[in-house]
Amino acid sequence: MAKITVITGRGGAGKSTFTTLFARFVKIDKLLLIDLDPDSSLPKMAGVDLEREGKLTVSEALYDIMVKDRKDDAPTLIEQRLRDGSIIYKGQKFDLITLGTKIAPGCYCLPDEMIRDMIQTLKENYDLVLVDSPAGLEHLNRKVTPDVDDLFVILDPSDKSVKHIERVKKVIKGVNITYRNFYLVANYRYTQENIKYLEASGERVLGSISYDQNIRNLNLNGQSLFLLPSDSPAVISVKKILAEANYDIV
Ligand SMILES: Nc1ncnc2c1ncn2[C@@H]1O[C@H](COP(=O)(O)OP(=O)(O)O)[C@@H](O)[C@H]1O
Ligand SMILES: [Mg+2]
């Protein structure tokens, strides 16, 4: 049964970067990555071209089922798409399921619900399910992951960030999400000086991610963060953070 780890935080904080480096350096046999962000930057960062692989996002598959084919038994048909491999990428280091962009009107309630069910079924087959979240709190409100082992909140240095910690805690309590560990991670914009503000929250601060020009360059060229050299500043700091949270590192 897989451990469930969720990476959350405000927009642009560095969630997808952290998730990608997590996936690259965690020592685990069977890893499932879930990209819950409709903006879907994780696949590219992790070096996966879904289109070239012939894979659909969950939102695309739902669109085909409900809008194009006008079928109404979406849950059964989505389950079928999962089994036949059309909505799951299978790689050497990890497998990947993405929410994707919804082009029909309405909220992400249904695709979120589908992914929640998939995680419940698939967690039997993996050692770790690692979830990259969209900005904000909606995925928590919708309880896409009702039982979390480790919740990592990536924070930028602002008063809004500190308020964000309180909001995350309120929502998970309000909707009754259970978790074992609540971890704060300072992003690359923090200085040693202002990390004190995070420590004052009383929550466990695992450390900070170093600024890394190589990340900027790779992102600019749309290249995978799996190409980052292993002595790159962010790599070193992320490995340290993962070790603090008791993950084995490759
Ligand atoms: N350690 C870092 N050093 C320098 N830039 C970074 C670092 N981490 C992230 N970034 C930059 O910050 C931006 C947002 O990162 P991203 O991981 O996509 O955030 P999120 O997923 O929280 O929206 C990206 O443009 C990325 O290049
Ligand atoms: Mg992201």
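Rule-based calculations on the coordinates, nothing more; no lab input. These numbers were taken from a predicted model, which means no experiment stands behind them. Because the Cβ atoms are built from the backbone with ideal geometry, glycine has one as well, and the counts that use them run over all protein chains shown.
Side notes on the structure shown:
- Considering helices alone, the calculated mean residue ellipticity of the chain at 222 nm is -11000 deg cm²/dmol, with DSSP H runs of length four and up weighted by -39500 (n - 2.57) and normalised per residue.
- Packing-based ranking, highest mean first, of 154-167, 32-45 given that Cβ atoms within 10 Å are counted: 32-45, 154-167
- Note on Lys173 and Lys196: the model spin-label points, each 7 Å out from Cα along the C-beta direction, lie 2.7 nm apart.
- Cα-Cα separations in the chain greater than 24 Å, expressed as whole percent: 45
- Counted over the chain, the DSSP beta bridges are approximately 10% antiparallel.
- Flagged links, alpha-carbon separation over 19 Å, of Lys15/Lys160; Lys3/Lys55; Lys44/Lys90; Lys55/Lys102; Lys3/Lys143; Lys3/Lys170: Lys3/Lys55; Lys3/Lys170
- In sequence order, calculated HN-Hα J values of the range 169-180 (Karplus, 6.51, -1.76, 1.60; Hz; x Gly/Pro): 4, 4, 5, 5, 6, x, 9, 6, 8, 9, 8, 8
- Distance between the C-alpha centres of the range 155-174 and the range 9-54: 23 Å, rounded to the whole angstrom.
- A simple rule links phi to the HN-Hα coupling: the Karplus curve 6.51 cos²θ - 1.76 cosθ + 1.60 with θ = phi - 60°, which for the range 219-226 gives 5, 4, 8, x, 9, 6, 6, 6 Hz, with x for Gly and Pro.
- Look at Thr101, Thr191 and count the other Cβ atoms within 10 Å of each Cβ; fewest to most, that gives Thr191, Thr101.
- Dipole moment magnitude, nearest 20 debye, the chain about Cα centre, only Lys, Arg, Asp, Glu C-beta charged: 420
- Annotation: amide H of Tyr179 within the under-5 Å range of Val148, sequence separation 5 or more or interchain, hydrogens built in the peptide plane.
- Point-to-point label distance, Asp127-Asp69, nm (Cα→Cβ direction, 7 Å offset): 3.5
- For the pair Lys27 and Lys3, label points projected 7 Å from Cα toward Cβ lie 1.3 nm apart.
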